[in-house]
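Please treat every number below as a calculation from the coordinates, not as lab data. Keep in mind it's a predicted model, so treat the numbers as computed, not measured. Glycine also receives a Cβ, built like all others from the backbone with ideal geometry; neighbour counts cover every protein chain displayed.
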Amino acid sequence: MSPYLKRVKVGFVGSGNMTKSIVSGLVRGNQDEDFKISKNFYVSSLTEERARSISKKYDVHFAKHNDEILEECDWVVLSMKPQDLPDFLNSYGKSFDENHSVISLCAGISTDSLKKELPQIKNLARLMPSTAAEFGSGVLGLYSESKSFTQDLSQYFKSVGSVQVVQSEDFLDGIMITAASGIGFLLEVLQIWSEWLEDLGFSKAQSEEIAKQGFNGVSDILKSSKKDIYQLQAEVISKKGVTLAGLEAMRSSDLDMALNKGFEAALRRSHELSKLV
Ligand SMILES: NC(=O)c1ccc[n+]([C@@H]2O[C@H](COP(=O)([O-])OP(=O)(O)OC[C@H]3O[C@@H](n4cnc5c(N)ncnc54)[C@H](OP(=O)(O)O)[C@@H]3O)[C@@H](O)[C@H]2O)c1
């Protein structure tokens, strides 16, 4: 990491699931003896409790008020729900100065909307993470009009997932829906897997264990193989076999339509949220 990135101070406004995952992932991924990344983090929350808890667990600074984040930090990460962003900007928008860089995690809120509220900010970025950041896996979509800020952020966040720089922020929705909401969608599939085993008579615990390990197996295959997802699937399908029979029935029941409907509904919700600011 460059000397600048080692000393940059980063403040998270909001201490929910996403902040916890990112802070945890960054701390785990940067364990240099001479450099403790957590020393440069600040976290705040509305009711103090969640920020205090993250501060204690990851040894980061607790900011009692958002003013402290704006006074101390170079990068300010907007990590509250999109619905809470207007109130925050009404209260603190004018306290930002041109030396602050702003990174918004808020789903659906466009760069143009943020620019209108924070016209003084030169370095503005949108980051689309997922809770897999906690384990250094998953995808982080990144969009910024500043090339140098994009480079800094790609470098800074590489330990918490695969950073995917996109040229148009419309692509962030695709990343959010498949990689962030996608975790929720895949877990829905996993629940169906597990409940089917329960219907067969397995206990709940055993059903969940079998379903989880089945997915872990897929994840390991994906990590270790260079083959594409179509080749990998072909390897488990034998002619006139059991897997093929199952897949044919799923395909004729329009599994793709159910998933595509889900993606489209999520996209519509993201567009609704974009009108909040
Ligand atoms: N969760 C995901 O998988 C995911 C994926 C991609 C993007 N995102 C985006 O990440 C952002 C955070 O999501 P989340 O799931 O972490 O939400 P969350 O768990 O609801 O946490 C939101 C946090 O914001 C705090 N907050 C609200 N208004 C504030 C203010 N004015 N000042 C300081 N803190 C304030 C809340 O404080 P209290 O704790 O006191 O209520 C809470 O700690 C959202 O914009 C979301 O769109 C989330």
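Residue 145 to residue 218: FRET efficiency via 1/(1 + (r/R0)^6), r the Cβ-Cβ distance, R0 25 Å, to the nearest 0.05? Walk me through the numbers before you get to the answer.
Working: r = 37 Å, r/R0 = 1.50.
It comes to 0.10.
Taking every alpha carbon pair in the stretch 176-275, what does the distance histogram look like in 5 angstrom bins from 0, in percent?
The percentages, shortest bin first, are 2, 10, 13, 19, 23, 17, 9, 4, 2, 0, 0.
Sort 103-115, 53-65 for me by packing, meaning the mean count of neighbouring Cβ atoms within 10 Å per residue, highest on top.
Numbers: 103-115: 19.8, 53-65: 16.9.
Going by the mean number of other Cβ atoms within 10 Å, highest first, we get 103-115, 53-65.
State, as an integer percentage, the relative contact order of the stretch 115-157 based on alpha-carbon contacts under 8 Å between residues 6 or more apart. Mind dumping the intermediate values first?
Values: 40 pairs, mean separation 14.4, N = 43.
Taking the mean separation of contacting Cα pairs over the length of the stretch 115-157, I get 33 percent.
Rounded to the nearest 500 deg cm²/dmol, what is the calculated helix-only ellipticity per residue at 222 nm for the chain, with -39500 (n - 2.57) per DSSP H run of length n ≥ 4? Mind dumping the intermediate values first?
On the way: 13 runs with 144 residues, N = 277.
About -16000 deg cm²/dmol.
Averaging sequence separations of C-alpha pairs under 8 Å and six or more residues apart, then dividing by the length of the chain, give the relative contact order as a whole percent. Don't jump to the answer; show the numbers that get you there.
Working: 402 pairs, mean separation 45.3, N = 277.
After rounding, I find 16 percent.
Over the stretch 144-216, what is the relative contact order in whole percent, taking alpha-carbon pairs under 8 Å and six or more residues apart?
17 percent
Just 256, 220, 173 to compare: in a GNM of the chain, with alpha carbon springs under 10 Å, which one fluctuates most?
Taking springs between Cα atoms under 10 Å, the residue moving most is 220.
Using Cα positions and a limit of under 16 Å, work out the lysines in reach of residue 57, with same-chain residues fewer than 8 apart set aside.
Hits, sequence-local ones excluded: 20, 36, 39.
Work out which helices of the chain, taken as complete DSSP H runs, extend at least 15 Å along their axis over the Cα atoms and score a mean Kyte-Doolittle of 0.5 or more, then list them.
Values: long enough: 17-29 (18 Å, 0.28); 181-200 (29 Å, 0.67); 204-224 (30 Å, -0.60); 242-252 (16 Å, 0.67); 255-273 (27 Å, -0.32).
Length and hydropathy pass: 181-200, 242-252.
Give me the lysines in straight-line cross-link reach of residue 239: C-alpha distance below 23 Å, same-chain residues under 8 apart excluded.
Once the sequence-local lysines are set aside, what remains near residue 239 is 227.
Can you say what percent of the DSSP beta bridges in the chain, counting only those with both residues inside, are antiparallel? Round to 5. Kindly include the intermediate steps, with their values, before the conclusion.
On the way: 4 of 26 bridges.
Bridges in the chain that DSSP calls antiparallel: roughly 15 percent.
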